[in-house]
1. Can you work out which of the residues in the stretch 552-570 that are within 14 Å of ligand 4 (Cβ to nearest atom) and closer than 18 Å to residue 683 by Cβ is nearest to the chain's Cα centre (by Cα)?
2. Check 691, 701 and return the single one that is hydrophobic (A, V, I, L, M, F, W, C), open to solvent by 10 Å² or more (accessible area, probe 1.4 Å) and outside any loop (DSSP other than H, G, I, E, B).
3. Quick one: residue 314 ticks every box in (1) over 32 Å from the mean Cα position of the chain (by Cα); (2) under 30 Å from residue 30 (Cα atoms); (3) open to solvent by 10 Å² or more (accessible area, probe 1.4 Å) except a single one, so which number is it?
4. Kindly establish whether residue 154 is of a type in the set (Val, Ile, Thr), open to solvent by less than 50 Å² (accessible area, probe 1.4 Å) and closer than 21 Å to residue 42 by Cα.
5. Name the one entry in 112, 38, 89 that is of a type in the set (Gly, Ala, Ser), within 36 Å of the chain's Cα centre (by Cα) and open to solvent by less than 10 Å² (accessible area, probe 1.4 Å).
6. For residues that are aromatic (Phe, Trp, Tyr) and either within 16 Å of ligand 3 (Cβ to nearest atom) or within 24 Å of residue 491 (Cβ to Cβ) (or both), tally how many sit in the stretch 442-477.
7. Restricting attention to the stretch 161-200, which residues are touching a strand residue (DSSP E or B) at 6+ places or on another chain (Cβ under 9 Å) and within 30 Å of residue 269 (Cα to Cα)?
8. Can you pull out the strands (runs of 3 or more DSSP E) entirely within the stretch 4-99 that have at least 2 residues that are over 28 Å from residue 194 (Cβ atoms) and touching a residue at least 40 places away in the same chain (Cβ under 8 Å)?
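The values are calculated or read from the model by the stated rules, or taken from the named source; none is laboratory data. In this text the structure is predicted, and so the values were computed from the model without any measurement. Cβ placement follows ideal geometry from the backbone for every residue including glycine, while neighbour counts extend to all protein chains displayed. The area values use the complete protein model at the heavy-atom level, side chains included, leaving out ligands, DNA and RNA. Shrake-Rupley method; radii C 1.70, N 1.55, O 1.52, S 1.80 Å.
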Amino acid sequence: MLPAFVFQTPDGTERGKYLALDLGGTNFRVLVVKIRSGIRKSVRMYNKIYAIPHEIMQGTGEELFDHIVHCISDFLDYMGMKNTRLPLGFTFSFPCRQTGIDKGSLVSWTKGFKATDCEDHDVVDMLRDAIKRRNEFDLDIVAVVNDTVGTMMTCAYEDSKCEIGLIAGTGSNVCYMEDMRNIETVEGDEGQMCVNTEWGGFGENGCIEDIRTKFDREVDEGSLNSGKQRFEKMTSGMYLGEIVRQILIDLTKRGLLFRGRITEPLKTRGIFETKFLSQIERFISTYTLIIALMHLQSLGSTCDDSIIVKEVCGAVSHRAAQLCGAGMAAIVEKIRENRGLEHLEITVGVDGTLYKLHPHFSRVLKDTVRDLAPKCTVSFVLSEDGSGKGAALITAVARRYCGGIDKYLYSMRFSDETLLEIMSRFRRELEKGLSQDTNPTATVKMLPTFVRSIPDGTEKGDFIALDLGGSNFRILRVKVSHEKKQTVQMETEIYDTPEDIIHGSGTRLFDHVAECLGDFMEKHKIKDKKLPVGFTFSFPCAQTKLDEGILLTWTKRFKASGVEGMDVVKLLNKAIKKRGDYEADIMAVVNDTVGTMMTCGFDDHRCEVGIIIGTGTNACYMEEMRHIELVEGDEGRMCINTEWGAFGDDGMLEDIRTDFDRDIDRGSLNPGKQLFEKMVSGMYMGELVRLILVKMAREGLLFEGRITPELLTKGKFETKHISAIEKSKEGLSKAKEILARLGVEPSADDCIAVQHVCAIVSFRSASLVAATLAAILTRLKDNKHVPRLKTTVGIDGSLYKMHPQYARRLHKTVRRLVPECDVRFLLSESGSGKGAAMVTAWAYRTLACLWDSPSPSPASKLVWML
Ligand code: BG6
Ligand code: BG6
Ligand code: GLC
Ligand code: GLC
C-alpha cells in the first residue's frame, strides 16, 4: 500500500512536451510524449526499445543507471533533442517508498532485477547522478511512477471512470484511487491519492500458505527473491511457465508423462516460458499441439502427453486469473464501501503481456470479478500506449504544481519531524510558564484558573452566564435541576459588539455589557432576582481567586482602553451598580477554554483538556497542584489556562514563520504578540490566503496576473471562505463564486490552485495545533505515570466546527504524533456558557455551605478564599 502522490486522474488540461522512461516490464523504452490540451486534446508519442542485458540487471546499481542514461543519450541523438532540457517522467516498475512525486526509494527488487546498491536508495537521485556522470545533457526529473499508476493514467485520459491500474505481465500488481482520509501514512485528509498496492507481496506473512502448492514453493526457492512476492509467483508471466515445468517434472517422475524420461531441456530452469502457455492453450488440434511441443521442448511427446501438458497449462493460468480476479474483487468492493454506494461502476486500465497474449486469462479474470463482486460493474480497458503516456501526464500535472504554487507554499508544509520538534519546544514552554522563577519571562503564561475539578454531577441551581470574546457575545440562563437525573435547560440571546465599542473606552464596553445583561433579565423576567453569574471572558486574565480576573492584554479583535491591568469583575460590577436597576452576583470569571472543558466534562468525566480553535486559539488542561509553583498547596489538581496563542512571541517560531505571517502580524491590532495564534486561528487565516493569492497573481501564477481592488482589500477573504472552498463536492464552484465576488474571473486551473492554497494554509493550522496539543497530552501522561493515556479533549470554535476537513486532520495528526495516547475529541455542542455555570454552581455551593453552617470549618473557609 505505497502512496503514489498522484492526487487525480487527468482532466484534459495537461499539455507540453515530455520525456518518459519505462523500465521494469519486458521492454525498456525511452519515449518523447507531446500532449495538447483543449478541444484539440491529443497525445503523440515516439519511442525506442532498448535491451537491458541480463548481466546489467544483476550487476551494480551504477552500471544499471549508466546503461539507462546511455540509452537516453542515444534516444536524444536520434530525436535531435540533446539540447532541450525536457521534464522527465520515470516509470519504474518496482516497489518504491515515495515521499513526494519526485522522490522514491526502492524497497526491494522484484522480477528479474537484482542490481546491487539500489535498495533503500532514491531512484531519482541515482538517475540524476548517472546523468551528471555522463555530463552530456541535463533533464528535469519531475515524477517517478509505478507502471500500474502509469497505466491507470494512460487509460483515464480516455475514460474518466478509470480509477484502477492493473498489470498482468512479467510481474503482477494493482493501484487504485484511495480516499486520503484512509491513508494514515500520509498527512492530509482531503481528496484522494493513488495507492500502489504491490499486491505481488501478498502472502509473504504466510496468509496464503493453505493455497500454495509444493510447485509454488519450488518456484519460489529457485527464484532471485525467495520468500518474497508469493502472490506474484502464482499469478505473473515471469513464473507461470516455471510452475508448469515443475509440474511436468513431477508427473514425469511418477511415470505419467514423457514415458518417465526427464530430458535435459525439461531440467533447465526458465526454459518453459509463459508465452508457450499462451501458445499451447491456443492450439486447438492435438496434432498441432504435439508439433509445437516437440519443437519447443524437444520433449518427444505423444498425443496423450500433449493433452496432459495442455491440461497443466490450463490449470496454472486459470488459477492465476482467478487469483487476480479475487484480488480485484476485493479492491472494487473497498472502493464501493469507501463511497457508500449500493452499486459501483468503475473502469480498470490494464496492461501486461499475460493479459494481452493469453487466450483465456482476461476472460477468467473478468468472470471471477463479476462472481465475487456482484455489486460492482467493472469494465476492463486495455492500455494501448503503455505506461509512458501516463507518466508524461503525471509529469505535466506535477510540474504545474511544483513550478508554481508549491514554490510559495513549500515552507508551510511540515514533516512529522518538524511537528515533533515544535511539540518539544512547546513542552519546554509549559514547564517555563509553570515555574515561579521563569514565569515572569515566559511567553506561554500558564495562568492558574482556580477551577479544581470537572463537574461531578451534583451541581444544581439557576445561573446566568456571560460569554464574551468569541465571534458572538452571548448571555444565557442555565438551569441545572436534579430530579433523578441531572438535566440542564438553557435560554440564550446573542448581542452585538460593534467595532466602536470594542475599540472605544473600557467604561463604554462594560456599560454595554451591563446594558445587554439588563435587557436579558428584562426579557426573561428575572430582573428582581439576584442570580449568580458566571462570566466567560475569553482573554488572558491573571487570577488569584475564582471571582477576580486581571486582564493582562487584549487579544483578537478587542482593544478597549483602560482595561488592561484591571480586574474585569470589578469593572462589570461597577457598571451594573451605576445602572442600579438590577443586581448581579458575579461568582466566577472563566476563560472560554475552561468553560469548554467544563461543558464537555459534564458529559464525559474523563475530559481534562479544553481547546478553542475559533476566532482565537487556546488550551487549558488539568495540572497537578504540586507542579503549579504560582499557587500554594500541593494537593489535587487545578486547571491551567495556557494562553498558547502567545507561543513564539519570544522568537521561538521564527524558523517556521513565513513572510506572509510577518505581514499579517504587522497589520494586526497587537503586533509582535500572539504569533502562534496568528498562524492558526480563524481571525487570521482568511487574510493569510488573501496575501498569498495577491502575491501569486503579481507573479503571474494566478488570474493571468490580474489583481482587482477587492483582492487588495484587507479582510475581503474570510476564513469561512476557506471552509467553503475546501468542501469536497462543491468546493471548486464555491471558489469560482467567491473569486468572482472579488472581481476576478478565475479559470478552472485558478480554482484548483486557490483550493490548494486554502488546503495548505488550513492544514498548517491543524498541524500546529496537533503539535501543541500533543505536548499537553504527553505532559498529562507523564504526570500520571501511565504507559498509555486515555483521555478526552473538549473542543469548541468556529474554525474547528465549520471547516470540512479540519477536525479529521487534527485528530489524525495528533494520533500520529502521540500514538501512546488514546484521545477522544468531544465537540462542545452548547458553548462555554454551560461550563461557566458549572463553575459558578461549585463556587455558589461552597459559599452557601460557609454561610449556612453555624461555624464554618477553617478548611472550607480556606477553600473559598483560594
Ligand atoms: C507495458 C508498460 O506496456 O507493460 C510497462 O508500458 C509495463 O510500464 C508493462 O511494465 C507490463 O507488462 P510486461 O508484460 O511487459 O511486464
Ligand atoms: C463558543 C463558546 O461556542 O465558541 C465561546 O461559547 C468561545 O466561549 C467560542 O469563545 C470560540 O469560537 P469562535 O469561533 O466564536 O471564536
Ligand atoms: C512487480 C513490481 C511492481 C510492478 C509489477 C508489474 O510486482 O514489484 O512494482 O508494478 O511487478 O510490473
Ligand atoms: C485568545 C485569548 C484566549 C482565548 C482564545 C480563544 O487567544 O487570548 O484567552 O481562550 O483567544 O477564544
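1. The residue in question is 556.
2. Numbers: 701 fails: outside any loop (DSSP other than H, G, I, E, B).
The match here is 691.
3. (2)
4. Numbers: of a type in the set (Val, Ile, Thr): yes; open to solvent by less than 50 Å² (accessible area, probe 1.4 Å): yes; closer than 21 Å to residue 42 by Cα: yes.
Yes: the conditions hold for residue 154.
5. Details: 112 fails: open to solvent by less than 10 Å² (accessible area, probe 1.4 Å); 38 fails: open to solvent by less than 10 Å² (accessible area, probe 1.4 Å).
After ruling out the rest, the residue left standing is 89.
6. First pass over the stretch 442-477, keeping only residues aromatic (Phe, Trp, Tyr): 450, 463, 473.
Right, trim to either within 16 Å of ligand 3 (Cβ to nearest atom) or within 24 Å of residue 491 (Cβ to Cβ) (or both) and you get 463, 473.
Number of matching residues: 2.
7. 166, 167, 168, 169, 172, 173, 174, 197, 198, 199, 200, listed by residue number.
8. none
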